[in-house]
Amino acid sequence: MIRISRRQALLGVTASTCLAAPALAQGAYPNRTVRLIVNFGAGGAADTVARLIQPKMSEALGQSVVIENRTGAGGTIGAVAVARSEADGYTLMFDSPNHLINPLLQPNIPINYETAFSYISGVTIQPWVWIVSDQYRATTLPGFVDEARESGRPVIFGSSGIGSAGHLSGELLGQRSGVPVEHVPYRSGAEASNDVAAGNLQVACITVSSAQPAVNAGKARYIASTGARRSVALPDLPTFAESGFPGFDVTSWVGLFGPAGLAPEVIEKANAAMGVALRDETVKQRLTASGFETDPTTPAEFAAKIAHERVVLTESIRNWQRTSRR
């Protein structure tokens, strides 16, 4: 019988641990299911994008990606949950411009949005579009402004809610053009679009995907889009800047975040998996058909984009708050 001393056994355990450690380090992430928190309900823009991308992202990571809708308080319920989760890469988040708007309108949120998250990748973008009912003759933004001025009446416009980028864009247009505007908040852009199509609302500033049904049915017209450049989905539609109103370079976007403190290699792997999903031709075609444009970025590019839009939206919200108090 071979006897192994306690010292020999300890040396053997130590040696095997040392040999195993590099292998564990190399393949540590991901080695189990990844949760993708979507801060909005099923069928919304972020959820639609998540479900189109999920299969290819799972394939690229080599692990299942499970979507979990955490709704409420304009997306803050899900955001707080992710910010407080373990920084191990197994809880990620899809968020939207509400990521920037919520802290400005909800002062009691228990996290600091600027420091609570890791920036992983841009996912999709789509502009906000200004659509008008057939109550207006105008087919361009300058023509619409002229017509509104001549009428002498306030422009009644709808958006997907108070503080949404569509709401702020409408208020900003009123300030820049000198045309009085009155905002009607809806629970979704689709509801605002339906009212434009029915003739119950004059104008709406909503996303392309929300506007498509009314426009395709011939009940509304696009007259301008936000964003620094024209939408790939609507290449013939001028931007606000091209129409004489610069400064409307905010888009509706979906981005991939994690809790603060994610290891660089985890961010790199999640970013790479998102890039693989967004470059897949079938995924791109389905997103384009729904009015979305893919927006794969590096983590640094995504962080810079968020910082820029934070400045733009902060200015817009502060201006709106000042004028609304008068």
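Readers should treat all values here as calculations from the given coordinates under stated rules, not as data from a laboratory. Please read all numbers here as calculations on a predicted model, not as lab measurements. All Cβ positions, even for glycine, are placed from backbone atoms using ideal geometry, and neighbour counts span all protein chains on display.
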Item to complete: Starting from the Cα of Lys269, draw a straight line to each of the lysines and keep only those under 17 Å, dropping any in the same chain fewer than 8 residues away.
Response: Lys56
Worksheet item: For the chain, max minus min Cα coordinate along each principal axis, in Å, sorted largest first?
Response: 104, 43, 29
Worksheet item: Where does the chain land at 222 nm, in deg cm²/dmol rounded to the nearest 500, when only DSSP H runs of n ≥ 4 count, each adding -39500 (n - 2.57), divided by all residues?
Response: -14500 deg cm²/dmol
Discussion item. Test of understanding: extend the Cα→C-beta vector of Asn200 to 7 Å, then name every residue of the range 162-188 with backbone N under 12 Å from that spot.
Written reply: 186-187
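Given a cut-off of under 8 Å on Cα pairs at least six residues apart, what relative contact order in percent is computed for the range 186-261? Don't skip to the end; give the middle numbers.
Values: 73 pairs, mean separation 15.1, N = 76.
20 percent.
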Response to the item:
Highest GNM mean-square fluctuation among Asn39, Asn98, Asn31, for the chain with Cα springs under 10 Å, belongs to Asn31
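Ranked from highest to lowest mean number of other Cβ atoms within 10 Å per residue, what is the order of the peptides 203-209, 137-143? Please list the in-between numbers first.
Numbers: 203-209: 27.4, 137-143: 14.7.
Highest-to-lowest ranking by the protection proxy: 203-209, 137-143.
List the residue ranges in the chain for DSSP H helices whose C-alpha atoms run 20 angstrom or more along the long axis and whose Kyte-Doolittle average is -1.0 or above. Write out the running numbers ahead of the final one.
Values: long enough: 6-26 (31 Å, 0.60); 45-61 (23 Å, 0.20); 264-279 (22 Å, 0.31); 299-324 (37 Å, -0.48).
Sorted by number, the helices that extend far enough and score high enough are 6-26, 45-61, 264-279, 299-324.
Let me have the relative contact order for the range 127-250, percent, based on Cα pairs under 8 Å that are six or more residues apart.
Value for the range 127-250: 34 percent.
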